[in-house]
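Below is one structure, written out as structure tokens; comments come after it.
The values are calculated or read from the model by the stated rules, or taken from the named source; none is laboratory data. Bear in mind that the values here come from a model prediction, so they are computed numbers and not experimental data. Reconstructed Cβ throughout: ideal geometry from the backbone, glycine too, with neighbour counts over all protein chains shown. Heads up: the accessible areas ignore ligands, DNA and RNA and are worked out on the full protein's heavy atoms, side chains in. Shrake-Rupley method; radii C 1.70, N 1.55, O 1.52, S 1.80 Å.
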Amino acid sequence: MEKVEEKIEGFQRVRVVGVFMSPVPEGVTPVVFLENDRGEVLPIYIGAAEAFSIQTALENVPYPRPLTHDLLVNILEGLNSKIERVLIDDLSEGVFFARLIVRSNGNEFEFDARPSDSIALAVRTGAPVYVSDKVMETASVSKEEYKINFEEGEEEE
């Protein structure tokens, strides 16, 4: 049976494009890019550990021992639970907020989570990521603003 894509009112489904290094006044910092169907891009600045975790999952890089996000996925699977979806639903003073929706024993549970951790888990499990219309309206940018070639996954000079 084909899975029907869930529509959530007030949210848009996005795909995780990748993790890139972006210049900031202090040097460079990792940023994860999420893209909607209209080609609008949401940049979320994240920590180095989360950037590494997201990118290795996107590239299917195997590790001999589980990384933290792999461990959490293994625990959820061991408890017959699964991540249903990620909702990035708020932005306040430059900080994004997310909710992780987990299904266990037929019940849904909602957890406050950092978007970077939520995205790292979603990439590992194939869970869909949604961003609220309000957040996309407020914080999305054009690809050209970052001069990134999303097809190649590299920053242009």
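A few points about this structure:
- Surface listing: V32, V61, V123 arranged by accessible area from highest to lowest gives V61, V123, V32, probe 1.4 Å.
- Along principal axes, Cα extents of the stretch 70-129, largest first, whole Å: 37, 22, 16
- Positive minus negative residues near A98 (Lys, Arg vs Asp, Glu; Cβ under 10 Å): -2
- Sorted from greatest to least, the principal axis extents spanned by the alpha carbons of the stretch 34-157 come out as 45, 35, 26 Å.
- Between helix 115-125 and the chain there is an angle of about 60 degrees, using the helix long axis and the longest principal axis of the Cα atoms.
- Estimated from helical segments only, the mean residue ellipticity of the chain at 222 nm is -8000 deg cm²/dmol, where each DSSP H run of four or more residues counts as -39500 (n - 2.57).
- Compared with the dominant Cα axis of the chain, that is its longest principal axis, helix 68-78 is turned about 20°.
- Of the accessible area of the stretch 1-137, computed with a 1.4 Å probe over protein heavy atoms only, carbon and sulfur atoms account for 52 percent.
- Using the 1.4 Å probe convention, the accessible area of the stretch 1-93 works out to 63 Å² per residue with neighbouring protein chains retained.
- On full extension, the segment bounded by I75 and S92 gains 3.0 nm, given 0.36 nm per residue less the C-alpha separation.
- Under Karplus coefficients 6.51, -1.76 and 1.60, residue-wise ³J(HN,Hα) of the stretch 127-143 in Hz, glycine/proline x: 5, x, 10, 10, 10, 5, 4, 4, 5, 4, 4, 7, 10, 6, 9, 7, 4
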